[in-house]
Structures are given as structure tokens and as C-alpha cells.
Amino acid sequence: MDLVITITDGHQRLAIFGPQDRHLRLIRDTLGVKLVARDSDLKISGDAIAVGRTATLVDRLQQIHKQHDHVRDEDVHQLLRELTAPPTDATFAELEVFRRDQRIGPRTDGQQTYVDSVLKNDLTICMGPAGTGKTYLAVATALTLLKRGQLKRLILARPAVEAGEKLGYLPGDLQAKVNPYLRPLFDAMNDMMEFDQIRRMIANDVIEVIPLAFMRGRTLNNSAVILDEAQNTTVRQMLMFLTRLGHHSKMIVTGDDSQIDLDRREKSGLIDVAERLRNVAGVAIVRLDQSDIVRHPLVSQIVEAYKGLDA
């Protein structure tokens, strides 16, 4: 079967085809179609189902470009996943982050369960491999609650544990020393808020990004409190963190229990808390797996190749 789609807007055509036709090659290899681009025409050849899927994909990419004036690699990857996934009745609602040009929300059943758990429980513990959106969705859900006025503050914490390397004494003031550990949290926020807005909220103490050690002695009311990389907390550190929970607040604990950088003699606080609190009302424990990975498709294969590695 052959089908020709005409895309008259040259800027849109370049965005959909991707740099050096990168998107077209990915679509061709994933859907098993032949694609020939000539002037403003895109000819699609293959069996009827594959051609129909490709036409649907191109139409949705045109809609994305019309709304946002760009097409990202992740847009193409996500649409391909949706078009090739087994039929499902699931629908995933977008989260209400501060940047209108971003479409952020759960993309798998596991991620939807995770977001629902955060919204319904005061404490959610989420474990899973790299790329499953543990931190990203935690920040997005917390910002949604902040934007709706349901919470007043967002506190993001991380243990300052080196991933198998000894970095020595870092130069600079306190902020300069801890910034490398906190950078992933800032990266997530940068997708969801304008830089000036982040800076204003930090200056006004609406958002706080701090090392875990600075949580001691505090009680956090009306707040979303996220502990990232929790696999690198000790049992005592986890206890200290959890007991910061105040009234009308939510805690989200995230980590990958296959990537523990603690001394081997120390038990991970993440593993310990999942065991201790598994039957406590108001606590949700969510396990994401390889099927929930939404980064580059190679990440899923990398996780599979390293499965069983002694962390």
C-alpha cells in the first residue's frame, strides 16, 4: 500500500523529519515502512496497518508542531511506543506544571499508579531502575499540588554520597560544594518552570533544594518533601528524614535499589523502609520496572544487560 502525505510548511517538515532525517529513519525502522521524502511530499509504502500507523504518527507530530513550534526526539519515541503497544484502555492525564509548553505526565501504567499513589497517600516510596521517571514525576506531581494551592512549599533533598568516585574537597562556598549532588533536581525543575520563576521561588523560600543532612531538626507542614536517591541513605538517615513529616504534607521517597553507593556494611535505608512500612496505612510502596523506562530506548536494553550486577 502507498500513501502520500503533503507537508507544505517547510519549517514543520524539517522538525518532523528531524536533523538529517533522524526521525524518519526511526519511524521507518520501528514501523517497518518505506519512506521517501521529495519536496513537500512524504510517500509511505508498506502493509496497510503499518502505513496507517505511520500516517497517524505524522498527523500527531504535525499537531505537536502546531501547538509548540518544535518536535522533540522524545515526542517521536513516545508516539512510537503508543502506536506499537498492545491495546489498552488506560488514559494518562497530564500534570499541571508551570510551563505551558511542556506536556508532562505518566506514560505507562506503572507511572500512573505512582502518580495516583502520591496524590492519595501522605508517604509514597517508589523504587525502580534508571529512566522510569521516579524523580521527574515526583517533582512534577509536587509542583502540580503547589500550583493548585494544595501545598505551600516544595523541599527536595538528596544524600551527598559519591557514586563510586572520590571527589575530594570541592572548592567554593556551601552552595558550590553541594550543587553537583543537587543538580538532577534542578534539571527536573528546569523542564517545568522558567528559570526566573525557579529563582524567585527559591529566594522566597517556596522551593528549597538541600542536602539530606540539613533536614535534621525540622518539621515541615503544608509541604511536598521529596527525598531523591534514597538508596544511598542509611537506616538512621531515613528515620531522621521520615520524622520531618508535618501536618498537611506529603513525602515522596525515590531510589534505585540496584545502584547503592553506600559502604557494603551499611544497609540501605530505602530497602529497610520498604520492609518496615509495607503494611502501614497511608504509606504506598510502588515498584517500577523495565517496562516503565521512558528515556532513550537503549536505556531499557542497558538496564537489562546489567541486571543482576552486585550493587
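Checked against the criterion of being charged (D, E, K, R), farther than 30 Å from Arg100 by Cβ and part of a helix (DSSP H, G or I), the candidates Arg13, Arg60, Arg22, Arg28 yield just one match: Arg28.
Of the residues making up the stretch 91-139, just one is basic (Lys, Arg), in a helix (DSSP H, G or I) and surrounded by fewer than 22 Cβ atoms within 10 Å (Cβ to Cβ), namely Lys120. Leu167 meets the conditions (1) of a type in the set (A, V, I, L, M, F, W, C); (2) within 22 Å of the chain's Cα centre (by Cα); (3) modelled with pLDDT under 80 in every case but one. The failed one is (2). With respect to the stated conditions, Asp196 fails to be closer than 22 Å to Lys134 by Cα and of a type in the set (Asp, Glu). None of Met240, Met215, Met201 is over 25 Å from the mean Cα position of the chain (by Cα), in the same structural domain as Lys134 (by TED's automatic domain parsing) and crowded, with 16+ Cβ neighbours inside 10 Å except Met240.
Count of the stretch 97-118 residues, restricted to those that are farther than 10 Å from Thr141 by Cβ and either touching a Pro at 6+ places or on another chain (Cβ under 8 Å) or of a type outside the set (Gly, Ala, Ser) (or both), is 12.
Residues in the stretch 216-274 that are over 19 Å from Leu146 (Cα atoms), in contact (Cβ under 8 Å) with a residue 12 or more places away in the chain and polar (S, T, N, Q): Gln231, Asn232, Thr233, Thr234, Gln237, Thr254, Ser258, Gln259, Ser268.
Whenever a residue of the stretch 119-133 is touching a residue at least 40 places away in the same chain (Cβ under 8 Å) and closer than 21 Å to Arg244 by Cα, its partners that are of a type in the set (Ser, Thr, Tyr) and buried (at least 24 other Cβ atoms within 10 Å of the Cβ), lying with C-beta atoms within less than 7 angstrom and at least six residues away or across chains, give the pairs Cys126/Tyr114; Cys126/Thr254.
Contact map, the stretch 43-70: residues that are over 19 Å from Gly10 (Cα atoms) and without any contact (Cβ under 8 Å) to a residue 40 or more places away in the chain paired with residues that are surrounded by fewer than 18 Cβ atoms within 10 Å (Cβ to Cβ) and of a type in the set (S, T, N, Q), Cβ distance under 9 Å, separation 6+ or inter-chain. Pairs shown: Arg53/Thr84.
Yes/no per residue for (1) surrounded by 23 or more Cβ atoms within 10 Å (Cβ to Cβ); (2) more than 12 Å from Leu212 (Cβ to Cβ); (3) touching a helix residue (DSSP H, G or I) at 6+ places or on another chain (Cβ under 9 Å):
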{"site": "Ile226", "(1), (2), (3)": "yes, no, yes"}
{"site": "Thr234", "(1), (2), (3)": "no, no, yes"}
{"site": "Leu245", "(1), (2), (3)": "no, yes, no"}
{"site": "His248", "(1), (2), (3)": "no, yes, no"}
{"site": "Val253", "(1), (2), (3)": "yes, no, yes"}
{"site": "Asp257", "(1), (2), (3)": "no, yes, yes"}
{"site": "Leu262", "(1), (2), (3)": "no, yes, yes"}
{"site": "Arg265", "(1), (2), (3)": "no, yes, no"}
{"site": "Gly269", "(1), (2), (3)": "yes, no, yes"}
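Can you work out which of the residues in the stretch 1-52 that are of a type in the set (S, T, N, Q) and out of contact with any strand residue (DSSP E or B) (no Cβ under 6 Å at 6 or more places or on another chain) is nearest to Arg81 (Cα to Cα)? In this case the residue turns out to be Thr30.
Listed conditions (1) in contact with a Cys (Cβ under 9 Å, 6 or more places away or on another chain); (2) at pLDDT below 85 are all met by Ala138, apart from (2).
Gln78: polar (S, T, N, Q) and modelled with pLDDT of 85 or more, yes or no? So Gln78 does not fit the description; no.
The values are calculated or read from the model by the stated rules, or taken from the named source; none is laboratory data. As the structure is a prediction and not an experimental result, all values here were calculated from the model. Methodologically, a virtual Cβ is constructed for each residue, glycine included, from the backbone with ideal geometry; neighbour enumeration extends over all protein chains shown.
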